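Enquirer: Mind having a look at this structure? Questions to follow.
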Amino acid sequence: MCGIVGYIGKNNDPRLGLEALKRLEYRGYDSAGMAVYDAKKKRIVSLRAVGRISELEKKFYEHPFEGMPFIFHTRWATHGEPSVKNAHPHFDCTKTISVAHNGIIENYQTLKEHLQKEGHVFHSDTDTEVLAHLIESLYKNSLEKAVHKALGMVRGTYGLAVLSSREPDKIIAARLSSPLLIGVGKGEHIIASDASAVLAHTKDVVYMQDGDIAVITPDSFSITTKNYEARNPAVEQLEWNLEAAQKGGYPHFMLKEIFEQPDAIENSLRGRILAQDGKAKLGGLEVVKEKLRDIEKVHIIACGTASYAASVGEYMLEEYAGIPTEVDFASEFRYRKPLLNSRTAVLAVSQSGETADTLAALREAREKGAMTLGIVNVVGSTIARETDAGVYNHAGPEIGVASTKAFTSQLAVLALLTLFLGRQRGMSVVIGKRIANELALIPGHMREILKQDAAIKKIAAKYRNAQNALYIGRKYNFPIALEGALKLKEISYIHAEGYASGEMKHGPIALIDDKFPTIAIAPEDSVYEKMLSNIQEIKARKGKIIAVTTMGNTKISALADDVIYIPKTLEMLTPLLSVLPLQLLAYHIGVLNGRDVDKPRNLAKSVTVE
């Protein structure tokens, strides 16, 4: 959530910053702003606006101006409501220091009271403004030193960009538990919260680490820790290109990313399936391969959609790898005092690799001596760097706030992990080969499902006015019921619940009537007959039913009002297929109801505060 862009170099046009900031819209925000050094006036010019970046753009084009360096920001409200006065960047009293900040300053109130006693006047309700005034109070002819001292006094988290008209030849950037990277160009540098903002300018980046403070000029950058120790990080090259982060002719990023899933899964599986041996090759786990043989328990920690992928992984790992597995919401993991030791593996699942709750839980696990592993999509992210080992999704950039291809790629990687660990622990070659071969067929099966898009859109039109919906499933598809309900909530703002279908008789069935549709995930698997019984219970109470079932199953149409078919595969892999119709259903209902499906209200792509 929130986004920062900063630029210093040969380009004097702030539109560069506006375009880069637009590529961070998916992160979630409610206001936007910019601060630009005007060399002619020798001062910083600032514009801020509530709402979308387009509102900021409108203000800029009414009276356009030039200048450099500049910093841009999108804000997701924490301290103070969305308003012009609370939008970033924020100034000090002298209007010579401007600050854009992601994160939370926990002790801002104490610092603010101290600064007010010194005579500082505040103009916003934010915690961030404290940073600008604090830097001002500590400034003694060195912006870098003032930022160092200020950050030594704050408690909290930050991704920070600081600009001063007193030293317009540099930008100071800092990071603590909020992502920030430096794009390295020729005669120019660009800082951003996410790689998507720098792709138009460079693919060479440096990922800042927690505690880093960087001094960035057009021709160079230097990084020190909070203790003034120099750090010389390697310049890495981004795997993605700009085209991958654009819509490519689709009306929305979400639809593009739904249709990218076959390719994304192929990328997740490429080079990792050893079909002849019935094994998975996961290079990121090689360093801990032998230690993994001795692991007695796995804890998977995740938030939101990733937690539902984790729950599918729990079924996989217990059934096929024979490892006791627990799934925790990362936000609750630390507070229940889990029993961990050196024979416990704690696996963090996160699309961004920056999820604050997941990071905090991971660090707690490490403190308690557990092995830490990660499944993340963003190369160089904090979780990727802080775990003992892990696996990248390789799903490519996911821009839509509601996760689609990142989710299915997480499922694919969890299946690979199950195969990898299972073959270490007695899984037969025959079963290993079967899993490996069926995994390789998944992208083709996905393409078959996506051909039903027009039919699913018709079903969406039929139910678009529903006020509530119920999603039910069993075993591997119980977490998919939860994910399907979440997608509908996120995208259409329709209330939906996901339930284990065996729980229907224990309360939820009281809600069923002819205006309360149920989406039943019922592939022909080991629990199919039980699912049929649950569907019959709903039908007996006049409930409308949309069934997701295996191709060739014509009998279920006698019970269901609408049927969506998925190809036959191994039971453990059905979630990779059954979730696609639910994504399309949510997408089309959202679009038909006029929702902003790429940027749902109140949501952020990367949740970097607890």
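The values are calculated or read from the model by the stated rules, or taken from the named source; none is laboratory data. Please read these numbers as outputs of a predicted model, since none were measured by experiment. We place every Cβ from the backbone using ideal geometry, glycine too, and count neighbours over all the protein chains shown. The accessibility values were calculated without ligands, DNA or RNA, using every heavy atom of the protein model including side chains. Shrake-Rupley method; radii C 1.70, N 1.55, O 1.52, S 1.80 Å.
Enquirer: Is there a residue in the stretch 559-571 that is out of contact with any helix residue (DSSP H, G or I) (no Cβ under 9 Å at 6 or more places or on another chain) and under 26 Å from His252 (Cα atoms)? Steps first, please.
Expert: Taking the stretch 559-571 first, the residues out of contact with any helix residue (DSSP H, G or I) (no Cβ under 9 Å at 6 or more places or on another chain) are none.
Checked the stretch 559-571: no residue is out of contact with any helix residue (DSSP H, G or I) (no Cβ under 9 Å at 6 or more places or on another chain) and under 26 Å from His252 (Cα atoms).
Enquirer: Another question, then. If you go through the stretch 469-489 one residue at a time, do you hit one that is buried (at least 20 other Cβ atoms within 10 Å of the Cβ), over 32 Å from the mean Cα position of the chain (by Cα) and over 20 Å from Ala310 (Cβ atoms)?
Expert: No, the conditions are met nowhere in the stretch 469-489.
Enquirer: Related question: Given the criterion small (Gly, Ala, Ser), buried (at least 22 other Cβ atoms within 10 Å of the Cβ), in contact (Cβ under 8 Å) with a residue 60 or more places away in the chain and farther than 15 Å from Val579 by Cα, identify the matching residue among Ser501, Ser492. Lay out the reasoning, then the answer.
Expert: On the way: Ser501 fails: in contact (Cβ under 8 Å) with a residue 60 or more places away in the chain.
So the residue among Ser501, Ser492 that is small (Gly, Ala, Ser), buried (at least 22 other Cβ atoms within 10 Å of the Cβ), in contact (Cβ under 8 Å) with a residue 60 or more places away in the chain and farther than 15 Å from Val579 by Cα is Ser492.
Enquirer: Another question, if that's okay. I'm trying to understand the selection: among the residues of the stretch 198-230, which are in a loop (DSSP other than H, G, I, E, B), without any contact (Cβ under 8 Å) to a residue 12 or more places away in the chain and of a type in the set (A, V, I, L, M)?
Expert: If the condition is that a residue be in a loop (DSSP other than H, G, I, E, B), without any contact (Cβ under 8 Å) to a residue 12 or more places away in the chain and of a type in the set (A, V, I, L, M), then no residue fits.
Enquirer: Pull up the stretch 194-210, narrow it to residues that are of a type in the set (D, E, K, R) and surrounded by fewer than 24 Cβ atoms within 10 Å (Cβ to Cβ), then point me to the one that is nearest to Glu386 (Cα to Cα). Steps first, answer last, please.
Expert: Going through the stretch 194-210, the residues of a type in the set (D, E, K, R) turn out to be 194, 203-204, 210.
Now restrict to residues that are surrounded by fewer than 24 Cβ atoms within 10 Å (Cβ to Cβ): 203-204, 210.
Working: Lys203: 23, Asp204: 22, Asp210: 11 Å.
If we take residues in the stretch 194-210 being of a type in the set (D, E, K, R) and surrounded by fewer than 24 Cβ atoms within 10 Å (Cβ to Cβ), then Asp210 is nearest to Glu386 (Cα to Cα).
Enquirer: Does Asn141 satisfy the condition of being open to solvent by 10 Å² or more (accessible area, probe 1.4 Å) and either polar (S, T, N, Q) or more than 20 Å from Tyr228 (Cα to Cα) (or both)? Let's see the steps before the verdict.
Expert: Numbers: open to solvent by 10 Å² or more (accessible area, probe 1.4 Å): yes; either polar (S, T, N, Q) or more than 20 Å from Tyr228 (Cα to Cα) (or both): yes.
The answer is yes for Asn141.
Enquirer: Here's a follow-up. Anything in the stretch 114-135 that is surrounded by 21 or more Cβ atoms within 10 Å (Cβ to Cβ) and in contact with a Cys (Cβ under 9 Å, 6 or more places away or on another chain)? List them, or say none.
Expert: Within the stretch 114-135, Ala132, His133 meet the criteria.
Enquirer: I've got another one for you. Looking at the structure I just gave you, is Ile53 aliphatic (A, V, I, L, M), open to solvent by less than 20 Å² (accessible area, probe 1.4 Å) and modelled with pLDDT of 95 or more?
Expert: On the way: aliphatic (A, V, I, L, M): yes; open to solvent by less than 20 Å² (accessible area, probe 1.4 Å): yes; modelled with pLDDT of 95 or more: no.
When the stated conditions are applied, Ile53 does not pass them.
Enquirer: Taking Ser492, is it within 33 Å of the chain's Cα centre (by Cα) and under 26 Å from Glu448 (Cβ atoms)?
Expert: Values: within 33 Å of the chain's Cα centre (by Cα): yes; under 26 Å from Glu448 (Cβ atoms): yes.
It is true that Ser492 is within 33 Å of the chain's Cα centre (by Cα) and under 26 Å from Glu448 (Cβ atoms).
Enquirer: May I pose another question? Scanning the stretch 149-197 for residues that are hydrophobic (A, V, I, L, M, F, W, C) and part of a loop (DSSP other than H, G, I, E, B), which turns out farthest from the chain's Cα centre (by Cα)? Don't jump to the end; show me each part of the working.
Expert: Residues of the stretch 149-197 hydrophobic (A, V, I, L, M, F, W, C): 150-151, 153-154, 160-163, 171-174, 176, 180-182, 184, 190-192, 195, 197.
Those left that are additionally part of a loop (DSSP other than H, G, I, E, B): 153-154, 180.
Working: Met153: 30, Val154: 27, Leu180: 15 Å.
So, considering only residues that are hydrophobic (A, V, I, L, M, F, W, C) and part of a loop (DSSP other than H, G, I, E, B), the one farthest from the chain's Cα centre (by Cα) is Met153.
Enquirer: Give the stretch 61-90 a look and list any residue that's surrounded by fewer than 20 Cβ atoms within 10 Å (Cβ to Cβ), of a type in the set (Phe, Trp, Tyr) and in contact (Cβ under 8 Å) with a residue 12 or more places away in the chain, or say none. Spell out how you get there, then give the answer.
Expert: Here is the first cut: in the stretch 61-90, the ones surrounded by fewer than 20 Cβ atoms within 10 Å (Cβ to Cβ) are 61-66, 77-85.
From what's left, of a type in the set (Phe, Trp, Tyr): 61, 65.
Residue satisfying the conditions is Phe65 alone.
Enquirer: I need the strands (runs of 3 or more DSSP E) fully contained in the stretch 247-359, keeping only those with at least 1 residues that are out of contact with any strand residue (DSSP E or B) (no Cβ under 6 Å at 6 or more places or on another chain), loosely packed, with under 15 Cβ neighbours inside 10 Å and modelled with pLDDT under 90.
Expert: Numbers: elements: 297-302, 325-329, 344-350.
Correct list: empty, since no element meets the threshold.
Enquirer: To continue, here is another question. Looking only at the stretch 175-197, count how many residues are closer than 14 Å to Gly6 by Cβ and either of a type in the set (A, V, I, L, M, F, W, C) or free of Cβ contacts under 8 Å to residues at least 12 places away in the same chain (or both).
Expert: Total meeting the criteria: 8.
To keep it simple, each residue is scored yes or no on (1) touching a residue at least 60 places away in the same chain (Cβ under 8 Å); (2) open to solvent by 10 Å² or more (accessible area, probe 1.4 Å).
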position	(1), (2)
Tyr7	yes, no
Pro14	no, no
Glu19	yes, yes
Gly33	yes, no
Val36	no, no
Lys41	no, yes
Val45	no, yes
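Enquirer: Quick check on my filter: what residues within the stretch 375-406 are assigned to a loop (DSSP other than H, G, I, E, B), surrounded by fewer than 24 Cβ atoms within 10 Å (Cβ to Cβ) and charged (D, E, K, R)?
Expert: The one that is assigned to a loop (DSSP other than H, G, I, E, B), surrounded by fewer than 24 Cβ atoms within 10 Å (Cβ to Cβ) and charged (D, E, K, R): Asp388.
Enquirer: Identify, by number, the condition in (1) closer than 20 Å to Thr305 by Cα; (2) without any contact (Cβ under 8 Å) to a residue 60 or more places away in the chain; (3) touching a Leu at 6+ places or on another chain (Cβ under 9 Å) that Asp596 doesn't meet.
Expert: (3)
Enquirer: Determine whether the stretch 568-591 contains at least one residue that is assigned to a strand (DSSP E or B) and under 32 Å from the mean Cα position of the chain (by Cα). Write out each step before concluding.
Expert: First, the residues of the stretch 568-591 that are assigned to a strand (DSSP E or B): none.
No, the stretch 568-591 has no match at all.
Okay, residues lined up against (1) farther than 14 Å from Asn477 by Cα; (2) modelled with pLDDT of 95 or more; (3) open to solvent by 30 Å² or more (accessible area, probe 1.4 Å):
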site: Ser557; (1), (2), (3): yes, no, yes
site: Ile564; (1), (2), (3): yes, yes, no
site: Thr569; (1), (2), (3): no, yes, no
site: Met572; (1), (2), (3): no, yes, no
site: Pro575; (1), (2), (3): no, yes, no
site: Pro581; (1), (2), (3): no, yes, no
site: Leu584; (1), (2), (3): yes, yes, no
site: Val591; (1), (2), (3): yes, yes, yes
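Every residue, every condition in (1) touching a residue at least 24 places away in the same chain (Cβ under 8 Å); (2) touching a Ser or Thr at 6+ places or on another chain (Cβ under 6 Å); (3) not hydrophobic (A, V, I, L, M, F, W, C), yes or no:
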site	(1), (2), (3)
Gln410	yes, no, yes
Leu414	yes, no, no
Thr418	yes, no, yes
Arg425	yes, no, yes
Glu438	yes, yes, yes
Leu441	yes, no, no
Gly444	yes, no, yes
Lys451	no, no, yes
Ala454	no, no, no
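Enquirer: Quick one: which of Ile223, Ile213, Ile191 is at pLDDT 95 or above, in contact with a helix residue (DSSP H, G or I) (Cβ under 7 Å, 6 or more places away or on another chain) and either aromatic (Phe, Trp, Tyr) or surrounded by 20 or more Cβ atoms within 10 Å (Cβ to Cβ) (or both)? Steps first, please.
Expert: Details: Ile223 fails: in contact with a helix residue (DSSP H, G or I) (Cβ under 7 Å, 6 or more places away or on another chain); Ile191 fails: in contact with a helix residue (DSSP H, G or I) (Cβ under 7 Å, 6 or more places away or on another chain).
It is Ile213.
Enquirer: Hey, any hits in the stretch 160-174 for a residue that's crowded, with 21+ Cβ neighbours inside 10 Å, in contact (Cβ under 8 Å) with a residue 24 or more places away in the chain and among the polar types (S, T, N, Q)?
Expert: Yes, the stretch 160-174 has at least one match.
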